[in-house]
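For reference, the structure discussed in these notes is given below.
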Amino acid sequence: MIIEHPVPMFAKWIGPAALTWLLSLGILIGVFELIRLVFLLSRNGLHGFTLFFTTFFKGIDDFCFISWRRVWAITKLIIRESIRKKVVVVCIVFLVLLMFASWFLNPNTTDPAKTYVSFVFQSTTYLVILLALFLSSLSLPADFKNKTIFTIVTKPIRPSEIILGRILGLTIIGTVILCIMSIASYLFVTNSLSHTHRLNEREDLTPVASADDPRNQDGETVIAKGTLQLSNGHKHNVEEYVRKEGDKLVYTFNVSQENNHTHSITREVDGDNVRYIVGPEQGTVQAKVPVYGNISFRDASNYERSRGINVGEEWTYRSYVAGATSEAVIWTFDHLDASKYPDGLPIEMSISVFRTTLGNIESTIMGSILVRNPKTGLTAETNVFNSEKYITKALMIPRTIEKSKVESQPRALIKKGMESSYEPLPGNFVQKDSYDLFEDFVDDGKLEIWLQCIERGQYFGAAQYDLYLRDNDANVLVNFFKGYLGIWQQMIFVIAFGVLFSTFLSGPVAMVSTFGIVIAATFKSFFMEIANLNVLGGGPIESLNRLITHESLMIDLPNVFSTSLIKFFDMIASALLWIIGNAIPSFSNYTIYMDYVATGYNIPFNTILVHLVTTLSYVIPLFIAGYLILKNREIAK
Amino acid sequence: MRTESNIVVETKNLTKIYRDFWGRQKVRALKALDLEIRQGEVFGLLGPNGSGKTTTIKLLLGLLFPTSGEINILGRPASDVTKNEHIGYLPEESYLYRFLNAEETLDFYGRLFSMSGAVRRQRVAQLISMVGLESAKKRQLREYSKGMSRRLGLAQALINDPDLILLDEPTSGLDPIGTRNMKDLILELKNQGKTVIMSSHLLADVQDVCDRIGILYQGELKELGRVDDLLKVSTETELRVSNLSDAAKEKIQKVIQEDNGELVFCGNPTSSLEELFLKIIAESESRPGKRVRGGEDK
């Protein structure tokens, strides 16, 4: 799975992040209070100081003495309002959508789970965000319009309680709807992908060897070949094996992987008839738990590098190593425990292949996996494989490594000036007959896995997260619901912004403003590129000028006064955009949850924790801003 | 006895100017209002539409911010939300949530006073009974008539058993029975020692219940004082006598002439239409059926 922006570890991140957050919040509140002080002084003279400090301390009271009974009163009101205004219709719309979705979604693709999961996540996101947008931005303005707010603010309720109650109420409604949608989505995905095949002995299987011959009863000789009958638009190839266990013959089957899944088969004998029972699909929706290592590279001169070769790709996520050289991509893993991997290390990789000679375009490129003890330098080539571009390859590094696969000379990482180089250790190395992966190659839980390209003129490209060890899979159902946390957090943002805008704007204007935030949050990276003036054609004013004058994006503007003026205003605009951009969350942080579930990876707890705290860090200032606006505005007109 | 301590509401030089988006003055709604309202009195704010009555009430409640001047309400500034713990407010129209029923509405407002569940339930039942909405307490407010909404609005204003009650046009939208009930309730609140401030342009209502009135016109306080004193015509004398013979009437007229007095009116007084209406309704309730007309068309 591609992780361009890795989430930092919570324990390391929280300290500096909290400090920056507190500083930013302090500056924002400080600026607001300063403006308020100047306003009060201009209106009331020196008495303004008294008024300022009285209201300032009252403001602190408004947060310290929040009555949860009053907050709950508003929360309950919002929930009742939503229910009685038939918000549940959104769920019905979603269910109708699911009813017809199967007409248009094709289960016969290489990864049907991805198609189905992406569909349910995206449709849920749109519906829930639209719902949150409408509810949050229209509710408070409706109270102002109907003047029901008069009967509320004339009770001893604080503005902080009104805002908090609203955010909580809308969050509860949104959460319940999201829960209903997520359950419906899970049932839809599992039900749509659930299938089995039929296997008839006479029609579908062709015997290739006699099962009665004791020579074939080794569990490795194929005794019959065939295909499972068509179901969900695909077939699987099947091979039948037999082996003798005591007096009994045990039949096993190898079912080919199609559309990212396989099936189990059991053989039953009923008199003279043989029946094959094909089990449900396995591995369609997964929650793989990858264990990542740290990446480094070895160049052709054996030096250790942080990056490999640049093959000229614009996207610099991966860097490359050349084939048939000593270049290698190295992943160093920590905390490996032998008891966890009794049969060896299961690894998966999804690497890029860059061909300088095409040859047969359909042929794969050979590569090899080596393991190296970081301390002793003992190195062994454990696997040779064929690699296709971006196809996830699963390999098993065996626990026992034969003598022939171990390199005769260990390699040590030797410091040379400011750099380090992998050099064969001098002296004679005494070899054993066989090696144990954990005893001989893992040192204090550490192991290096090297990836090399074998073919000359071809390159392998890899990034940190392209090769990983597989831990025990997580629960698919739990992971599915964890995925919905991404949508939930986006919903919370929309609610918080909607409530904030609704404290000072009319309903439609608040809605459009919140929608603007949703757009900016969805395309935040582009927004920030404009703010940093990194876009072709310059900033907003320069772009407008180019639009009007039909000037090409590639040509610099002439060096005249008007250009300087345009650049000056673009600087101001970009500064403003930069401030706004930094105050807006990035929704791409949350859409990655869908990618995790769709591609079958477990969402790490650390990612969820960091994102939840980030969400809260946005909601708190928005809540405070909403409070300040409501407190300082006239309720009546 | 007038003391500082029993002044419940005090405004000094209270001014409100409405401005447009650009800060330009649109209208001067209230001009330098000085007012003192004491505990236990029923004070009426009188004036034509747009005279500043509602603006004054909104300023007292903190719904509007004064352009200049000071407000002291129950010893606190108007911007202090804790003052609302002892205040009940009935707006000029019942601004209630139409998707709630009566019980839910009152329960909601009770929660805003942080009342416990038991107290809330008791108070809600008591107020619903008081305003006569028992049979409709489970119906959503969207099905309520204007009068029913108004009664529920009054109940919400009294949910906290307030010391100070502000009623903005309390009799607007009410039928004569509702109007009479409202007036009776105001007098009942006064008997309980509560302070009531009401605004109205229905002069008869104000006259019936208010101890003191202030008359506003174009944002300025034009008159302030006790109703009795303000309405007393000191140059005229009124006698109300029952069963007086025509001979006796003539004697009285003669005495008036001898003392150089001027007889302005001598005849049978008429009751008010309100009194007649209430009498008919009371009779109809006690004796259902077609009513025998008490008068004749002439």
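Readers should treat all values here as calculations from the given coordinates under stated rules, not as data from a laboratory. Values in this document were obtained by computation on a predicted structure and should not be read as measured data. When we count neighbours, we look across all protein chains shown, and the Cβ atoms used for this are built from the backbone with ideal geometry, even at glycine.
A few remarks follow.
- Dipole check for the range A:362-403: with +1 at the C-beta of Lys and Arg, -1 at the C-beta of Asp and Glu, and the Cα centre as origin, the magnitude is about 280 Debye.
- The distance separating the Cα centre of the range A:236-282 from that of the range A:527-587 comes to 65 Å.
- Taking 7 Å steps out from each Cα toward its Cβ at residue A:102 and residue A:355 produces label points 4.1 nm apart.
- Square roots of five times the Cα gyration tensor eigenvalues for the protein assembly as shown, Å: 83, 36, 23
- Estimated translational diffusion coefficient (Stokes-Einstein, Kirkwood radius over Cα pairs, 25 °C, 0.890 mPa s) of the range A:290-471: 147 µm² per second.
- With contributions of -39500 (n - 2.57) from each DSSP H run of at least four residues, the per-residue ellipticity at 222 nm computed over chain A stands at -15500 deg cm²/dmol.
- Between residue B:218 and residue A:456, the distance separating the two model label sites (each 7 Å from Cα on the Cα→Cβ line) works out to 10.5 nm.
- Placing a label point 7 Å from the Cα of residue A:544 along the Cα-to-Cβ line, the residues of the range A:562-593 whose backbone N sits under 19 Å from it are A:562-581.
- Under the shape rule built on the C-alpha gyration tensor, where the axes satisfy a ≥ b ≥ c, the range A:1-58 is prolate, since a/c reaches at least 1.5 and a/b is greater than b/c.
- Here the range A:502-588 is treated as an ellipsoid with the same Cα gyration tensor; its semi-axes, largest first and in whole Å, are 29, 14, 12.
- 3J(HN,Hα) along the range A:134-146: 5, 4, 6, 8, 9, 5, 5, x, 5, 5, 5, 5, 7 Hz, from the Karplus curve 6.51 cos²θ - 1.76 cosθ + 1.60 with θ = phi - 60°, whole Hz, x for Gly and Pro.
- Take the Cα of residue A:430, go 7 Å toward its beta carbon, and the backbone nitrogen atoms of the range A:372-390 under 18 Å from that spot belong to A:376-379.
- Dipole magnitude for the range B:7-231: about 700 debye, using +1 per Lys or Arg Cβ and -1 per Asp or Glu Cβ, origin at the Cα centre.
- 3J(HN,Hα) from dihedral phi, the range A:457-464, Karplus parametrisation 6.51/-1.76/1.60, rounded to Hz, x for glycine, proline: x, 10, 10, 10, x, 8, 10, 3
- Within the range A:183-214, backbone nitrogen closer than 16 Å to the virtual label 7 Å beyond the Cα of residue A:95 toward Cβ: A:183-189
- Using C-alpha pairs under 8 Å with a sequence gap of at least 6, the mean separation divided by the residue count of chain B gives a relative contact order of 22 percent.
- Think of the protein assembly as shown as a dipole: +1 on every Lys or Arg Cβ, -1 on every Asp or Glu Cβ, centred on the Cα centre; then among B:39, A:604, A:152, B:39 lies furthest on the positive end.
- Distant-in-sequence amide H partners of residue A:421 (H built 1.01 Å from N, under 5 Å): A:304, A:414, A:415, A:416
- Label separation (residue B:116 vs residue A:27): 5.0 nm, computed from points 7 Å beyond Cα along the C-beta direction.
- For the protein assembly as shown, the dipole from Cβ point charges (+1 on Lys and Arg, -1 on Asp and Glu) about the Cα centre works out to 2680 debye, to the nearest 20.
- Each peptide among B:189-196, A:210-217, A:532-539 gets the average number of other Cβ atoms lying within 10 Å of its residues, and from highest to lowest they stand as B:189-196, A:532-539, A:210-217.
- Cross-linked pairs A:85/B:137; A:631/B:137; A:114/A:244; A:145/B:222: Cα-Cα separations exceed 29 Å for A:631/B:137; A:114/A:244; A:145/B:222.
- With θ taken as phi - 60° and the Karplus curve 6.51 cos²θ - 1.76 cosθ + 1.60 applied, the whole-hertz 3J(HN,Hα) list for the range B:52-61 is x, 5, 5, 4, 4, 5, 5, 5, 4, 7 Hz, x standing for glycine and proline.
- As a rough guide to protection, the peptides A:119-132, A:84-97, A:138-151, A:269-282 ranked by mean Cβ packing within 10 Å, highest first, stand as A:119-132, A:138-151, A:84-97, A:269-282.
- Euclidean distance between Cα centres, the range B:228-251 to the range B:85-160, Å: 46 Å
- Cα centroid of the range A:381-452 to Cα centroid of the range A:82-150, whole Å: 52 Å
- Within 10 Å of each Cβ in B:96-103, the average number of Cβ atoms from other chains: 4
- All lysines inside 24 Å of residue B:254 as judged from Cα atoms, apart from same-chain residues fewer than 8 positions distant: none
- Three-way shape label, the range A:125-284, alpha-carbon gyration tensor, a/c 1.5: prolate
- Stretch gain in nm, segment residue A:206-residue A:130, where the contour uses 0.36 nm per residue and the Cα spacing is subtracted: 21.7 nm
- Amide H to amide H, with H built 1.01 Å from N, residue B:47 comes under 5 Å of B:200, B:216, counting only residues 5 or more places away or on other chains.
- The slack between residue A:576 and residue A:366, meaning 0.36 nm per residue of separation minus the straight C-alpha distance, is 70.4 nm.
- FRET efficiency, 1/(1 + (r/R0)^6) with R0 35 Å, evaluated for residue A:266 and residue A:110 via beta carbons: 0.80
- A:25, A:630 arranged by Cβ crowding within 10 Å, fewest neighbours leading: A:25, A:630
- Stokes-Einstein D in µm²/s, Kirkwood radius over Cα pairs - the range B:7-231 at 4 °C with 1.567 mPa s viscosity: 72 µm²/s
- Interatomic Cα distance distribution for the range A:201-282, bins of 10 angstrom, percent: 17, 50, 28, 5, 0
- Distant-in-sequence amide H partners of residue A:252 (H built 1.01 Å from N, under 5 Å): A:241, A:242, A:243
- Take every pair of alpha-carbon atoms less than 8 Å apart whose residues are at least six positions apart; their mean separation over the length of the range A:491-630 yields a relative contact order of 36 percent.
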